[in-house]
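Undergrad: So that we are looking at the same thing, I have put the structure below in structure tokens.
The values are calculated or read from the model by the stated rules, or taken from the named source; none is laboratory data. Quick caveat: nothing in here was measured; it's all calculated off a predicted structure. So basically every Cβ, Gly included, is an ideal-geometry build from the backbone, and we count neighbours across all protein chains shown. Quick note on the areas: whole protein, heavy atoms, side chains included, nothing else; ligands and nucleic acids left out. Shrake-Rupley method; radii C 1.70, N 1.55, O 1.52, S 1.80 Å.
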Amino acid sequence: MNFEENPVRDRLVEMFAKASGPVSGEEMSHTLGLSRTAIWKQIKSLEQVGFVFAASPRVGYRAVTIPDELMAPLVDPHLPLAVAFGRPLFWAAERASTNATALDWAAKGLPHGAVVTAAVQTGGKGRRERSWVSPQGGMWFSVLIRQPCALNQAPDLTLLASLAVRRALAEIGVPADIKWPNDILVAGKKVCGILAQMRADGEWVDHAVIGIGINANFPEERLPADIRHRATTIFSACGFAIERPRVLATILTELDKLYRLLASGEGFASVRGEWLAHCETMGRSVEVAVGNEIVRGTAIDVDDQGSLLVKLAHGDVRRLHSGEVLFSESEHLR
């Protein structure tokens with residue numbers, strides 16, 4: 001099944017990305033096996049998603065602007081050949097949700113390591129089914145992993161994903177921290193959320209879709225006003241735009257390394273020290289929403305299974321396997 005693959009568009013983008021000058025209509029027609037009219041239609045469709053071309057009679061087309069969309073031909077040059085994730089990669093100008101698409105396609109045979117991306121999401125979801133605003137300029141993508149681990153190791157999936165994102169952002173000079181269990185903070189505000197949805201087969205995870213949303217190259221004014229006290233964007237917090245295809249390739253590369261730990265039976269415990277070194281939650285006074293309960297205390301540790309240890313006011317320590325951390329000085333439930 002094609003899963004909406006657009007090989008002609010991707011090959012055309014690849015041609016322009018590699019070209020040092022204009023590409024003639026004859027060359028495109030010969031390489032792609034299309035008529036000049038069909039080539040013109042493909043060019044026009046690319047212009048609708050941000051590409052800018054200069055046309056010269058009897059010379060051809062030159063790409064003046066190639067947007068840094070999360071398209072396969074723009075991501076693939078940055079992916080090491082040994083990395084299992086990102087091949088194939090399916091981009092669309094708009095999806096309701098990359099997670100929903102990936103889950104649907106997983107049931108139809110989408111292969112391990114496939115990545116679903118979108119320029120814009122219209123129905124993105126975060127924790128507790130909250131809507132996730134996903135405008136142009138962000139990084140909205142989902143990774144399919146087949147049989148990644150035993151069911152009792154499922155919490156490792158998002159813990160490891162958060163470390164992969166933190167590593168990738170640190171590599172380009174974005175000072176990111178982790179908030180338990182898997183949010184990414186910059187300057188104390190959330191820039192990235194991670195949502196894992198999985199299907200189990202007995203005691204094993206049959207497949208998991210790891211959805212990652214990064215507020216990247218747009219101003220925080222495009223976020224809803226009621227979350228700006230606790231959420232921001234990389235562009236607003238750091239003052240620069242990131243090269244999104246390269247960053248995605250780095251995240252996928254780090255995910256590949258970390259998920260190999262699961263296959264070898266190690267998982268989160270083997271990188272717990274590094275994860276804790278970059279965890280903003282430790283030592284903080286917190287409120288943790290666990291279902292309808294609020295647990296209040298001080299976050300003192302995260303164990304090898306990824307559970308948060310909270311010291312309560314009377315001195316007892318509560319071990320939390322899941323929940324949503326609220327820094328009590330600056331956040332409250334919405």
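Undergrad: Here is a check on your reading of the model: is V116 closer than 26 Å to A263 by Cα, in a helix (DSSP H, G or I) and either small (G, A, S) or open to solvent by less than 60 Å² (accessible area, probe 1.4 Å) (or both)?
TA: The answer is no for V116.
Undergrad: Go through segment 55-75 and give me each residue that's in contact (Cβ under 8 Å) with a residue 24 or more places away in the chain and open to solvent by 30 Å² or more (accessible area, probe 1.4 Å).
TA: S56, V59, Y61, R62, I66, D68 - these are the residues of segment 55-75 that are in contact (Cβ under 8 Å) with a residue 24 or more places away in the chain and open to solvent by 30 Å² or more (accessible area, probe 1.4 Å).
Undergrad: In addition: Quick one: in segment 129-148, which of the residues that are open to solvent by less than 20 Å² (accessible area, probe 1.4 Å) and in contact with a His (Cβ under 9 Å, 6 or more places away or on another chain) is modelled with the lowest pLDDT?
TA: Among residues in segment 129-148 that are open to solvent by less than 20 Å² (accessible area, probe 1.4 Å) and in contact with a His (Cβ under 9 Å, 6 or more places away or on another chain), the one modelled with the lowest pLDDT is P148.
Undergrad: Separate question: Restricting to segment 28-73, count the residues that are assigned to a loop (DSSP other than H, G, I, E, B) and under 32 Å from the mean Cα position of the chain (by Cα).
TA: Number of matching residues: 10.
Undergrad: A further question follows. Regarding L223, is this residue at pLDDT below 95, crowded, with 17+ Cβ neighbours inside 10 Å and either of a type in the set (V, I, T) or under 18 Å from the mean Cα position of the chain (by Cα) (or both)?
TA: Spelling it out, L223 is indeed at pLDDT below 95, crowded, with 17+ Cβ neighbours inside 10 Å and either of a type in the set (V, I, T) or under 18 Å from the mean Cα position of the chain (by Cα) (or both).
Undergrad: I've got another one for you. Kindly list the number of the only condition in (1) without any contact (Cβ under 8 Å) to a residue 12 or more places away in the chain; (2) touching a Gly at 6+ places or on another chain (Cβ under 7 Å); (3) at positive phi that fails for R36.
TA: (3)
Undergrad: If you don't mind, there's one more thing I want to ask. Would a scan of segment 99-107 turn up a residue that is in a helix (DSSP H, G or I) and surrounded by fewer than 17 Cβ atoms within 10 Å (Cβ to Cβ)?
TA: yes
Undergrad: Also: Based on what the data block shows, is T98 modelled with pLDDT of 95 or more, under 16 Å from R244 (Cβ atoms), out of contact with any helix residue (DSSP H, G or I) (no Cβ under 9 Å at 6 or more places or on another chain) and not charged (D, E, K, R)?
TA: Taking the combined requirement at face value, the residue satisfies it.
Undergrad: Shifting gears a bit: Among the residues of segment 277-291, which ones are open to solvent by less than 40 Å² (accessible area, probe 1.4 Å) and within 14 Å of G306 (Cα to Cα)?
TA: Once the filter is applied, which keeps residues that are open to solvent by less than 40 Å² (accessible area, probe 1.4 Å) and within 14 Å of G306 (Cα to Cα), segment 277-291 yields C279, T281.
Undergrad: So, one more: Among the candidates I178, I212, single out the residue that is out of contact with any helix residue (DSSP H, G or I) (no Cβ under 6 Å at 6 or more places or on another chain), modelled with pLDDT of 95 or more, part of a strand (DSSP E or B) and of a type in the set (A, V, I, L, M).
TA: Answer to the check: I212.
Undergrad: Let me ask something else. Does A107 satisfy being hydrophobic (A, V, I, L, M, F, W, C), in contact with a strand residue (DSSP E or B) (Cβ under 9 Å, 6 or more places away or on another chain), at pLDDT below 95 and under 30 Å from V209 (Cα atoms)?
TA: Here the answer is yes, as A107 does meet what is asked.
Undergrad: For segment 41-48, indicate whether the set of residues that are hydroxyl-bearing (S, T, Y), under 18 Å from W91 (Cβ atoms) and surrounded by 13 or more Cβ atoms within 10 Å (Cβ to Cβ) is non-empty.
TA: Yes: one or more hits.
Undergrad: For residues in segment 227-258 being surrounded by fewer than 22 Cβ atoms within 10 Å (Cβ to Cβ) and of a type in the set (D, E, K, R), which is farthest from V83 (Cα to Cα)?
TA: Filtering first and then ranking leaves R228.
Undergrad: In the set A196, A187, which member is at negative phi and open to solvent by 10 Å² or more (accessible area, probe 1.4 Å)?
TA: A196
Undergrad: Something else about it: Residue check, M1 against (1) exposed (fewer than 15 other Cβ atoms within 10 Å of the Cβ); (2) modelled with pLDDT of 90 or more, all met but one. Which one?
TA: (2)
Undergrad: Check whether at least one residue in segment 1-18 is at negative phi, without any contact (Cβ under 8 Å) to a residue 12 or more places away in the chain and more than 29 Å from the chain's Cα centre (by Cα), and report yes or no.
TA: For segment 1-18, residues at negative phi, without any contact (Cβ under 8 Å) to a residue 12 or more places away in the chain and more than 29 Å from the chain's Cα centre (by Cα): absent.
Undergrad: Among the listed residues A161, A154, identify the single one that is surrounded by 24 or more Cβ atoms within 10 Å (Cβ to Cβ), farther than 26 Å from D226 by Cα and of a type in the set (A, V, I, L, M).
TA: A161
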